[in-house]
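What follows is a short report on a single structure.
The values are calculated or read from the model by the stated rules, or taken from the named source; none is laboratory data. Only a predicted model underlies this, so the values are computations on that prediction, with no experimental measurement involved. A quick note on method: Cβ atoms are made from the backbone with ideal geometry, for glycine too, and the neighbour counts reach across all protein chains shown.
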Amino acid sequence: MRIHFDWRLARAIDSDGNVVDELDWSSKRSVGALADRLAELQSGRLSPEARTLAERFADAEADHLGAMSDSGWPELDEDEQALFSEATDRLARRGVADAAADFDRRLDMLSSAASELRASWTTSEARCVEWAGLFLAELDLDGQRREIPCAVAEAGSIDEAAKALGISAPEHKPSSAEWEALRGHARGVVELTGRLETAEDATRELAREYVPTLSRVVGPLGAAKMIVLARGRERLARMPSGSLQVLGASGAMAAHRRGAPPPKHSPTLFSLPQISKSPRWVRGKIARFMAGKCSIAVRVDHFDGEPWDEEQIAEINRECENIRNRFPKPPKRG
Amino acid sequence: MPRRPVKLGWGVRREGRSLWTRNAVRGISVRGERRKRDSRIEWRAWDPTRSKVAAALLLTGNDASDMLPEPGSTCLYLGASTGSTVSHIHDHVCGAGNHHGGQVVAVEISPRMMRDLTALASKRPGLVPVLGDARIPHAVAPYIRSQADWMHQDLSIADQAQTFVKMAGAFLKPGGTGLLSLKAASERSSDGDDDSRFAKAARILGESEFEVVERIDLAGLEDQHILFHVLLPATD
């Protein structure tokens, strides 16, 4: 005995192909109700009618693909056809709208926006400082670095900018068009600084909420970047720790396949002080240890575990310290 | 001197190196493609550099019309993307206002692509947009009215051939036509060079119940892509 069904009706069919029992979707049909029904069927559940038949015939097997290849299956009438086409349209649109409820996608947008802003900020800020420094020869480019874009952006002329920065007026001055361009550029940098902060703060907030434990281990921005690279928290949680260790080091991994030595860590892990501030001969060991901890951390977050507290994080840092102390000297080359 | 058009089916014709389909929505291009009038019929250019099916129709060594579905038939398109190719298949299978009574089920997993596909479907009766995983038979089954006469699979995943055997096995009608587009880059996760990956796919298809009619190399139009034209032998 088999049960064939689609969204309209369900049939119990015996081994000779005879229809033994049949149930129609008899309650009020509407576009919304049909869309819900189709979503249920799509996820692999039975229609309510098929479920009733399955209870009625305990030995019957429900076949999701049965109705499709059943030559005796009735065709849709015109009303049903119209209802179906409206419902599929609504369901598809609903799916498109629901993509916004997906934290992976939101974190992707946010974290990618933040890193793109970071990249362009670095370029623009450096250009602004060098440009202003060319005219203001007395400027301390390292000590006063942070004040420069603001001072230039708010000044009316290069002399005013010099005054605001506490140095004497320059000997060679930019032309007025040149000054306009310089000031415009500085204003851009100031504005970019604000945008970068907003984007990074928002990324941190979302990451702390979405992956609290991983955020504590590698920092919220690093955690966000890992999720983006893995294309989703679920995929990151299911990743072996070895993959996580080199996540994002795809160029180095490709070189490894052609014979180069394997990468010791991904850029995300390298940005951790535990690794980047350690001597190079222990970086691989610490990266492997940290990758293991990260992979446990993201599993804790994804599979609803208890987030780690400060004590557990401190324990990890102590262990990193131990590894470093165990290898005080670089290995001898053989 | 204009080339004489060759008819490949009710709504598809070939003029030299270009393909055209009978536009089901008059006056509207889907992706800004050229349109032209020939007496009362409007034809829409089918760009073979953007559509693997079009490329295969131009490059096949056999009769290209064997690779097209019949108007009014049931078609399944796995990996529909934004629906450029789907729109041409729809032109041919459904026609304006779906007067042929065809059904084209277009499955796509990405909401970003589905956005464009829903806009397309709202103007084209008979085209069913499905947001879902094209590798799972029961996720597609509720939408298709019967087994498919024609199906095309174009997913950017590894193991396309295995997925194709599974999906076509579930959905293709005996005697139906199946097309499988393979992109070398998507199969990169498996070992070997491009040729051995294609050979592996060919072996999987060869061991299945399907009969491989032709293996079409799309080089020149879509580099590093091949398209398999297969047939599910009719049971009798």
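Some observations on this one:
- Residue within the range B:54-68 that is part of a loop (DSSP other than H, G, I, E, B), hydroxyl-bearing (Ser, Thr, Tyr) and without any contact (Cβ under 8 Å) to a residue 40 or more places away in the chain present: no
- The range B:7-52: number of residues that are of a type in the set (A, V, I, L, M, F, W, C) and more than 22 Å from B:GLY72 (Cβ to Cβ): 2
- Scanning the range A:192-216 for residues being buried (at least 18 other Cβ atoms within 10 Å of the Cβ) and among the β-branched types (Val, Ile, Thr) gives a total of 3.
- At least 3 residues being more than 9 Å from chain A (Cβ to nearest Cβ) and within 18 Å of B:ARG44 (Cβ to Cβ) is the threshold, and among the helices (runs of 4 or more DSSP H) wholly inside the range B:73-182 those reaching it are B:84-93, B:111-123.
- Check on B:LEU127, modelled with pLDDT of 95 or more and under 23 Å from B:VAL212 (Cα atoms): no
- Flag for B:ARG37 being over 13 Å from the mean Cα position of the chain (by Cα) and assigned to a strand (DSSP E or B): yes
- Each residue in the range A:4-29 was checked for being surrounded by 15 or more Cβ atoms within 10 Å (Cβ to Cβ) and closer than 23 Å to A:LEU83 by Cβ, and 11 pass.
- Pair list, Cβ < 7 Å and 6+ apart or interchain, from the range A:229-242 residues that are surrounded by 15 or more Cβ atoms within 10 Å (Cβ to Cβ) to residues that are of a type in the set (S, T, N, Q) and modelled with pLDDT of 95 or more: A:MET239/A:SER295; A:SER241/A:SER295
- Only one of A:ARG145, A:ARG195, A:ARG187, A:ARG204 that is modelled with pLDDT under 95 and out of contact with any Lys or Arg (no Cβ under 9 Å at 6 or more places or on another chain): A:ARG145
- B:ASP194 meets all of the listed conditions (1) within 14 Å of another protein chain (Cβ to nearest Cβ); (2) touching a helix residue (DSSP H, G or I) at 6+ places or on another chain (Cβ under 6 Å); (3) of a type in the set (Asp, Glu) but one, namely (1).
- For the range A:30-52, a residue qualifies if it is within 11 Å of chain B (Cβ to nearest Cβ) and either surrounded by fewer than 17 Cβ atoms within 10 Å (Cβ to Cβ) or touching a residue at least 60 places away in the same chain (Cβ under 8 Å) (or both), and the qualifying residues are A:GLU40, A:SER43, A:GLY44, A:ARG45.
- Test: residue in the range A:21-34 that is of a type in the set (Asp, Glu) and in a loop (DSSP other than H, G, I, E, B): no
- A:LEU247, sole failed condition from (1) touching a residue at least 12 places away in the same chain (Cβ under 8 Å); (2) under 22 Å from A:GLU315 (Cβ atoms); (3) surrounded by 21 or more Cβ atoms within 10 Å (Cβ to Cβ): (2)
- Unique residue being surrounded by fewer than 21 Cβ atoms within 10 Å (Cβ to Cβ), part of a loop (DSSP other than H, G, I, E, B) and in contact with an Asp or Glu (Cβ under 6 Å, 6 or more places away or on another chain) when the list is B:ARG50, B:ARG31, B:ARG4, B:ARG26: B:ARG26
- Filter result (hydroxyl-bearing (Ser, Thr, Tyr), surrounded by fewer than 17 Cβ atoms within 10 Å (Cβ to Cβ) and assigned to a loop (DSSP other than H, G, I, E, B)) within the range A:258-307: A:SER271
- Condition met for B:ARG215 (under 24 Å from B:LEU58 (Cβ atoms), without any contact (Cβ under 8 Å) to a residue 24 or more places away in the chain and of a type in the set (Lys, Arg)): yes
- Which numbered condition A:ALA137 fails, given (1) out of contact with any helix residue (DSSP H, G or I) (no Cβ under 9 Å at 6 or more places or on another chain); (2) modelled with pLDDT of 95 or more: (2)
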